[in-house]
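> Sharing a structure, written as structure tokens. Questions coming.
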There are 2 protein chains.
Amino acid sequence: MPPAQLSLEEVVDRLMLVVRQRGYDGASLAELSRATGLGKSSLYHYFPEGKEDMVRAVLERLETQLRAGVFEPLRASGSPRKRVEAMVKTIDTFYRGGREACVLANLVLGTSRSRFRTQLTRIFEEWIDALAVALVDGGVSRAVARIRAEDAVVRIEGALVVAGAMDDTAVFSRMLKLLSADLLAPPARAH
Amino acid sequence: MPPAQLSLEEVVDRLMLVVRQRGYDGASLAELSRATGLGKSSLYHYFPEGKEDMVRAVLERLETQLRAGVFEPLRASGSPRKRVEAMVKTIDTFYRGGREACVLANLVLGTSRSRFRTQLTRIFEEWIDALAVALVDGGVSRAVARIRAEDAVVRIEGALVVAGAMDDTAVFSRMLKLLSADLLAPPARAH
DNA sequence: GTCACATTGTACCATTCGGTCCACACGCGC
DNA sequence: GCGCGTGTGGACCGAATGGTACAATGTGAC
């Protein structure tokens with residue numbers, strides 16, 4: 001076990017905090033060490049391949065968190081509207097209302113895209129798939145559901161970028177509100 | 001003048017190429033030097049305050065490019081539909097159909113957000129304002145225009161992130177098509 | 001108690017980082 | 001031809017980078 005009072009998952013959580021606000025290139029070993037309270041030797045004991053290994057672990061943990069808190073609830077049985085609203089609420093909490101940057105976006109940008117491509121692709125695909133399932137269950141046609149699901153994920157990522165740039169969390173919360181209102185709307189015309 | 005065969009603007013263009021695909025933290029002086037063909041001493045001759053100065057110049061150049069190619073056309077007289085389509089086409093070209101990452105997003109993420117906050121904020125604000133003007137001219141109410149404009153910018157940024165993550169430019173081109181079709185649609189219900 | 005192994009602090013490594021210095025070129029007005 | 005200011009190559013800087021080696025701990029199982 002890690003430093004006796006810190007589980008490995010907690011260590012990875014702290015690594016995630018650094019990665020999500022410094023990115024791959026901006027997160028130095030010194031800072032990762034400080035954030036976890038572990039010396040470099042301990043860090044390399046748990047992550048023998050170094051920084052790339054640590055960030056891979058962050059991405060894996062994020063994936064399981066998303067799966068448990070977002071993807072599976074979306075695919076579960078129950079009111080589609082409730083499922084969508086659960087996703088929105090989880091996302092809102094996770095990004096602290098738009099105050100926190102996105103781990104995924106941070107790893108897509110910079111020099112790290114190629115390193116984590118397969119994991120990044122898989123996470124986004126699973127997210128879109130799961131959301132589409134909920135929409136189909138809510139009476140949206142399969143084709144429209146896919147388009148809307150992709151659009152929703154795009155809008156969430158975009159809102160985090162723009163909210164970060166303009167230092168205005170309202171951009172993010174407006175978007176979440178819009179999504180929970182529109183995602184299950186009848187085919188209408190737009191979309 | 002720079003190396004006689006390269007204007008200062010061309011130098012900044014090459015800096016932009018590096019920044020947009022490596023980010024602030026990932027762009028090393030060595031690479032910026034290689035990309036421009038200028039030695040470090042020359043780089044520091046034109047940008048006395050170093051890397052931050054270079055990237056500030058990149059951001060300034062991007063701002064004037066956007067102003068000339070996107071913002072002003074959006075505010076100009078003429079068919080609103082044509083103006084919106086001009087924006088979409090310019091953006092499509094600039095990001096090479098989704099193949100290139102966004103300079104802005106790259107500077108919002110990583111450790112560089114705080115350094116360029118005012119410029120980033122201004123660019124996004126001007127973009128949203130200009131787009132809203134075109135929408136109002138197209139008969140959209142002022143309030144709805146603002147929301148839609150912000151939403152469009154958010155979607156463009158988000159589409160670039162998701163397209164980059166999934167290595168799938170179709171995400172981006174689908175979004176651009178959707179935008180040129182929907183931005184000027186009648187109030188309808190959604191949106 | 002002792003043996004094995006997980007864990008850790010310390011010292012160290014080469015390389016690269018962003019950045020500076022300076023002497024020398026080059027052109028151009030005079 | 002002479003100065004002068006813009007540009008530039010190359011050597012150099014201390015600090016930080018990601019990463020390693022290893023000896024010393026601690027902690028359990030037996």
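> Restricting to the range B:30-52, what's the tally of residues that are near DNA strand C (Cβ under 8 Å from one of its atoms) and within 21 Å of the chain's Cα centre (by Cα)?
The total comes to 3.
> Identify the residue in the range B:19-40 that is over 26 Å from A:ALA105 (Cα atoms) and touching a Lys or Arg at 6+ places or on another chain (Cβ under 7 Å) and, among all such residues, is surrounded by the fewest Cβ atoms within 10 Å (Cβ to Cβ).
Only one residue tops the list, namely B:SER33.
Residue by residue, here is whether (1) more than 23 Å from B:ALA101 (Cβ to Cβ); (2) at pLDDT 95 or above; (3) among the charged types (D, E, K, R) holds:
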site: A:LYS89; (1), (2), (3): yes, yes, yes
site: A:GLY98; (1), (2), (3): no, yes, no
site: A:ALA105; (1), (2), (3): no, yes, no
site: A:PHE116; (1), (2), (3): no, yes, no
site: A:SER141; (1), (2), (3): yes, yes, no
site: A:ARG148; (1), (2), (3): yes, yes, yes
site: A:VAL154; (1), (2), (3): no, yes, no
site: A:VAL161; (1), (2), (3): no, yes, no
site: A:GLY164; (1), (2), (3): no, yes, no
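> Sticking with this structure for a sec: With respect to A:GLU157, determine if the residue is acidic (Asp, Glu), at the interface with chain B (Cβ under 7 Å from one of its Cβ atoms) and touching a Cys at 6+ places or on another chain (Cβ under 9 Å).
When the stated conditions are applied, A:GLU157 passes them.
> Quick check on the range A:105-143: of everything there that is of a type in the set (Lys, Arg) and touching a residue at least 40 places away in the same chain (Cβ under 8 Å), which residue is surrounded by the fewest Cβ atoms within 10 Å (Cβ to Cβ)?
For the range A:105-143, the residue satisfying everything is A:ARG122.
> For the range A:165-174, state whether one or more residues are without any contact (Cβ under 8 Å) to a residue 24 or more places away in the chain, among the β-branched types (Val, Ile, Thr) and touching a Gly at 6+ places or on another chain (Cβ under 7 Å).
Checked the range A:165-174: no residue is without any contact (Cβ under 8 Å) to a residue 24 or more places away in the chain, among the β-branched types (Val, Ile, Thr) and touching a Gly at 6+ places or on another chain (Cβ under 7 Å).
> Using the structure shown, decide if B:ARG155 is surrounded by fewer than 17 Cβ atoms within 10 Å (Cβ to Cβ) and part of a helix (DSSP H, G or I).
For B:ARG155, the condition - surrounded by fewer than 17 Cβ atoms within 10 Å (Cβ to Cβ) and part of a helix (DSSP H, G or I) - is not met.
> A further question follows. Within the range B:58-77, does at least one residue satisfy the condition of being within 16 Å of DNA strand C (Cβ to nearest atom) and either under 30 Å from A:ARG113 (Cα atoms) or surrounded by 13 or more Cβ atoms within 10 Å (Cβ to Cβ) (or both)?
For the range B:58-77, residues within 16 Å of DNA strand C (Cβ to nearest atom) and either under 30 Å from A:ARG113 (Cα atoms) or surrounded by 13 or more Cβ atoms within 10 Å (Cβ to Cβ) (or both): present.
The values are calculated or read from the model by the stated rules, or taken from the named source; none is laboratory data. Worth saying up front: this structure is predicted, and the values here are computed from it rather than measured. Note that we place each Cβ from the backbone using ideal geometry, even for glycine, and neighbour counts take in every protein chain shown.
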